[in-house]
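The structure appears right after this line, and notes come after that.
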Amino acid sequence: MKIERPNTLSGLVDKRREIAGKVGETRALLRQLIIDLDHVDAAIRLFDPTYDVEGLRPKLPQARGYAMKGDVTRAFLEILRKADGPMTTQELAKHLMTERGLDPKDVDLVQTMTRRAGPLLKNQLKRGVLRRTKDPKHGRFSFWEIAD
């Protein structure tokens, strides 16, 4: 016999099962990573039995959305070339986030990306690649477009 539960409880039970499944997957992955690490350590010791593998600092994985030097600037220029008109720094940041699979509704991340975009855009302004305009209707916001 199936027990009827209120939607909230049912949702919480389903969420718990989902999280428990991820914990199980993560434990299995961690176990495999430890085994792999042990194998690599053993291979290193074959070449140099005195090598201090425990003294090696871990190499952290690259952050999601990581960009190489110049990638973001190129992406902004490409977005502006395809745009119907001038765009604000925040609009550019949100477009870039969408292209990179980041959530453009994440207010903190949008602020961070917008803040980081400013210097890149100003550098292109100095080089004559971009033009900045102001729109009295939009107050303090600058609009960016490709310079002619």
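Derivation of every value follows stated rules applied to the coordinates shown; laboratory data play no part. In this text the structure is predicted, and so the values were computed from the model without any measurement. Note: ideal-geometry Cβ built from the backbone for every residue, glycine included; neighbour counts use all protein chains shown.
Before moving on, here are some points about what is shown:
- Calculated Rg and Dmax of the range 7-55 using C-alpha coordinates, Å: 19.2, 61
- Put in line by how crowded their Cβ is, counting other Cβ atoms within 10 Å and starting with the fewest, Phe47, Phe141, Phe76 read Phe47, Phe141, Phe76.
- Trypsin sites (Lys or Arg not before Pro), loop per DSSP, at most 13 other Cβ atoms within 10 Å - longest free stretch of the chain: 3-58
- Cα gyration tensor, the chain - rounded (a/c under 1.5), prolate or oblate: oblate
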